[in-house]
Amino acid sequence: MIKDLFTNLAIVVSLLFLYSHIFSTSPLTKDSTFLRKILLGVVGGLFSNILMQYGIRIDTTIVDLRHIPIILLAFFGGSLPAFIGMVLVIIGRFFIGVNTSAYASVILMVLITLFSILISSQRISKKNKVIWMLTFSNIIFTFVIIYLVNDLSLLVKLIPLYWIISYIAGFLSFYILDFIRKSQFLLEKYKSESTTDGLTGLNNVRKFDEVFNSLLNELNKSIQSFSLLYIDIDFFKKINDTYGHSEGDLVLKRLGTLLTVSTRNFDIVSRNGGEEFTILLPDTSVARAMDIAEHIRKTVENTEFPLSGGGVIKVTVSIGVASYKDTTDNPSMLIEDADKALYVAKKTGRNKVCCHNSID
């Protein structure tokens, strides 16, 4: 008896780890899509049916932890996945046998499901929700098993053991899912932060290098050419010295937004450090790149940059342009060529766009 319940416990843990790995990128929540809730409701119901196959058999009665997946479905996903899981559990139980125990199982699962859905919607702590759900499930199980099993000596052993294993399985299940979800969230956060500029939300220099190298590899395959804009804020040091670094950060954020809305959705905008930004333009000729650069220059020039303490300032940018095939034969030299063009733009008056081939 103890062995069978611990086997059920081990299966619960194994199935949860399997679920967490398969659905790590889109775990069940109450905001999940309709189809996602249906899918995971089916998965939970199948998990419960697996648990039934390894339960304790007392004549026609089966004792197991099939309620744990249903409670989890109600807790994390709400009514829809919980009801789907419940229906599959009921169907699976009748496949095992149609008898008094099967009908009692229907009552057991319906009551547990309804109560779990009710508790999951209450404004109480997660811990209290779990305690209420597991305690109610154990109480209902106790009444049902007393009705089905007439052996008092067996009940005296079975009921306390079941309560203990049920609590362990329940709390362990919630702990595992919570731990894995938090770990996955942190992993995704660290992945994002490793490629995203924390101030502007744009790609950082690491992501820029990754995309740039990827575009180099795609040349003559899916793309035939691409251009690069190298952008620098004019007199940015003066902005920091005059208004402070916090105001300078506001300028950087605002410029990041302007660059994003001034480009196409497949262009790659990055902050490469300090006041320097880049834009990779796939499948873009130098003429089109110059048009985009000039549009950006005018947009920035005509935009007021608000300060946190009130008032606004004006900002301009200088832009260097280089384009594979049009200005640069070796695509790996695009960064250097665009940087050279930017240098000329800064040296010849700022607030202007310079193209690499026009400065040779």
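The values are calculated or read from the model by the stated rules, or taken from the named source; none is laboratory data. Since the structure is predicted, the reported quantities are computational estimates derived from the model, not experimental observations. Here the Cβ positions follow ideal geometry from the backbone for every residue, glycine too, while neighbour counts run over all protein chains shown. For accessibility, only protein heavy atoms count, side chains too; no ligands or nucleic acids. Shrake-Rupley method; radii C 1.70, N 1.55, O 1.52, S 1.80 Å.
Summary table below
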{"item": "Ile296 being over 33 Å from the mean Cα position of the chain (by Cα), closer than 15 Å to Asn351 by Cβ and among the aliphatic types (A, V, I, L, M)", "result": "no"}
{"item": "Segments classed as helices (runs of 4 or more DSSP H), wholly inside the stretch 66-125, with at least 3 members that are among the polar types (S, T, N, Q)", "result": "100-120"}
{"item": "Residue among Ser246, Ser227, Ser166, Ser183 that is within 30 Å of Leu72 (Cα to Cα), in contact (Cβ under 8 Å) with a residue 40 or more places away in the chain and among the polar types (S, T, N, Q)", "result": "Ser166"}
{"item": "Within the stretch 116-146, considering residues that are touching a helix residue (DSSP H, G or I) at 6+ places or on another chain (Cβ under 6 Å) and polar (S, T, N, Q), the one most open to solvent (accessible area, probe 1.4 Å)", "result": "Thr142"}
{"item": "Search result, residues across the stretch 186-208 that are in a helix (DSSP H, G or I) and either open to solvent by 70 Å² or more (accessible area, probe 1.4 Å) or in contact (Cβ under 8 Å) with a residue 60 or more places away in the chain (or both)", "result": "Leu186, Leu187, Glu188, Lys189, Tyr190, Lys191, Glu193, Val205, Arg206, Lys207, Phe208"}
{"item": "Any hit, the stretch 150-160, residues being of a type in the set (Val, Ile, Thr) and open to solvent by less than 20 Å² (accessible area, probe 1.4 Å)", "result": "no"}
{"item": "Residue match in the stretch 47-57 (condition: small (Gly, Ala, Ser), in contact with a helix residue (DSSP H, G or I) (Cβ under 6 Å, 6 or more places away or on another chain) and part of a helix (DSSP H, G or I))", "result": "yes"}
{"item": "Counted residues, the stretch 92-114 - those being touching a residue at least 24 places away in the same chain (Cβ under 8 Å) and either farther than 20 Å from Tyr54 by Cβ or surrounded by fewer than 16 Cβ atoms within 10 Å (Cβ to Cβ) (or both)", "result": "7"}
